[in-house]
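Contents: one structure, followed by commentary.
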Amino acid sequence: MRKLNLILLGAPGAGKGTQAELIAEKFGIPTISTGAMIREEIASGSELGETVKSYTNNGQLVPDSVVIDIIKNRLAKDDCANGFILDGFPRTVPQAEALDEMGVEITDVLSIEVADEAIMERMGGRRVCKKCGATFHTKYKPSPAGEYCPCGEKLTIRADDDPEVVKSRLVIYHEQTEPLKEFYQKKGLLKIVYGQEKLEDTTALTMAAL
Ligand code: AMP
């Protein structure tokens, strides 16, 4: 299998995390989710967590310098040597430029496209496990254990999945993250996948694009 240094783009709730898990399994490479790492920092009560909490809980982006540091440390770990999936990074043009400056070679950029209205509907059903990080959806990807994660923990709704917060996250996505499509189009790396109603249909399109 070829080496995959993949960036997943797409609005919050487009299904990046779910596709990332499936690609990670198929290619045997780690998924790096800055959002999950930030939520872990907040849950641990660390100084960094306290600093970023107000941004994340209000749907704002955490300052570039903070996430760039986080990603630099993570990509330096041994398990990234044979490929990786970036889920939720970069989210701004300066973050993408920082990856270039670090000398990180990206092989593929995949943008999962879903209309804002569909995102609003999807986000209402999203559930996450605070313990193991697994994500579910009450309608599209229910947990086999109902309101619980298969790991035993009760599933919760993310603070930033509140509808008003989702609306502002979508505005931020269009303003700050969507320009990355042009950034990577110019490098000849961009592929588009149209998110489908059924998870397995989106997965089939995703796998065909890689
Ligand atoms: P996500 O789980 O990817 O939707 O990320 C959740 C939240 O973490 C975002 O709304 C931001 O507050 C923060 N975050 C995650 N990744 C980034 C990033 N690359 N740049 C800035 N903020 C980020």
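The residues packed around Ile29, meaning those with a beta-carbon under 10 Å from its beta-carbon, carry a net charge of 0 if Lys and Arg are +1 and Asp and Glu are -1.
Between Glu47 and Asp79, the distance separating the two model label sites (each 7 Å from Cα on the Cα→Cβ line) works out to 2.7 nm.
Here's the list of aspartates and glutamates a cross-link from Lys72 could span, going by alpha-carbon distance under 18 Å and ignoring same-chain residues fewer than 8 apart: Glu40, Glu41, Asp64, Asp87, Glu97, Asp100, Glu101, Glu105.
Extension gain, Leu189 to Ala159: 0.36 nm times the residue separation minus the Cα-Cα distance gives 7.5 nm.
Note on the stretch 58-78 and the stretch 172-194: Cα centroid distance 19 Å, given to the nearest whole angstrom. Size of the stretch 137-205 from its Cα atoms: along the principal axes, largest to smallest, the extents are 45, 31, 21 Å. Per residue, the accessible area of the chain comes to 51 Å² when a 1.4 Å probe rolls over the protein heavy atoms.
How charged is the neighbourhood of Leu205? Take every other residue with its Cβ under 13 Å from the Cβ of Leu205, and add Lys/Arg as +1 and Asp/Glu as -1. Around Leu205, the surrounding residues sum to -2.
If you roll a 1.4 Å probe over the stretch 91-185 with all protein chains in place, what percent of the accessible area is carbon or sulfur? Write out the running numbers ahead of the final one.
Working: 2650 of 4950 Å².
Carbon-and-sulfur percentage of accessible area, whole number: 53.
Shape summary: the chain maps onto an equivalent ellipsoid whose semi-axes, from the alpha-carbon gyration tensor, are 24, 21, 18 Å in decreasing order.
Dipole of the stretch 1-132, Cα-centred, from +1 at each Lys and Arg C-beta and -1 at each Asp and Glu C-beta, to the nearest 20 debye? Spell out each step's value before the answer.
Working: 15 positive and 20 negative charges, 104 e Å.
Once rounded to the nearest 20, the dipole reads 500 debye.
Charge tally around Ser46: other residues with Cβ under 15 Å, Lys/Arg +1 each, Asp/Glu -1 each, net -3.
Rounded to the nearest whole angstrom, the semi-axes of the ellipsoid equivalent to the stretch 47-128, taken from the Cα gyration tensor as √(5λ), stand at 25, 19, 13, largest first. Of all lysines in the structure, the ones whose alpha carbon falls short of 17 Å from that of Lys191, not counting any fewer than 8 places away in one chain, are Lys3, Lys16, Lys181.
The values are calculated or read from the model by the stated rules, or taken from the named source; none is laboratory data. Worth saying up front: this structure is predicted, and the values here are computed from it rather than measured. Cβ atoms come from the backbone with ideal geometry, glycine included; neighbour counts cover every protein chain shown. For accessibility, only protein heavy atoms count, side chains too; no ligands or nucleic acids. Shrake-Rupley method; radii C 1.70, N 1.55, O 1.52, S 1.80 Å.
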